[in-house]
Amino acid sequence: MLRPVILVLTLSLALPALAESWYGYVYSPIGKRDPFRSYTLPTDRPSPPPWCGELCRYALSELRLVAIIWGTAKPRALLETPDGRGHIVTRRQPVGRYGGRVAQIGKRGVVIAEEYRDGLGRKVVTRTRVPLWTKEATAAH
């Protein structure tokens, strides 16, 4: 009565080795990415929520950092939109078109962190530094 069970176990262990000797290679999907998943999947960048405000309608490259109040318990910065309107921001405030948040306010600029998922589903954090805008820097470009 034990012989069929032993025979099945022996065959199940011997089949991969038999297939490898017959075909030369046996594909094992363990630890590999899905071959049918596209590399060009759109990144899962969140759209700004409706309560986000006017700063979420612009890309970070369109915003100018005009003034900074730092060295206090609650540092603040003044960001200017392309139409000339100024907005005061603090840490953790949403900024930018892709769900970014103000991560740090320092004496030379503001760091904005944007979180999204890449094509493979991994969480990616992009930190963008917005430097303090000066007339001399604009004239040099």
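Take the Cα of L132, step 7 Å along the line toward its Cβ, and report every residue of the stretch 68-87 whose backbone nitrogen sits under 14 Å from that point. Answer for this model: 68-72, 76-79. Our coupling estimate for the stretch 104-112, obtained by passing each phi through the Karplus curve with A = 6.51, B = -1.76, C = 1.60 and θ = phi - 60°, is 8, 10, x, 6, 10, x, 10, 9, 10 Hz, Gly and Pro reported as x.
For K135, the lysines whose Cα comes closer than 20 Å to its Cα, not counting residues fewer than 8 places off in the same chain, are K107. Computed from the C-beta positions of Y116 and Y25 and an R0 of 30 Å, the FRET efficiency is 0.20 to the nearest 0.05.
Read the figures in this text as sums done on the coordinates, not as results from a lab. Since we're looking at a predicted model, the values are computed, not measured. Every residue, glycine among them, receives a Cβ derived from its backbone with ideal geometry; neighbour counts consider all protein chains shown.
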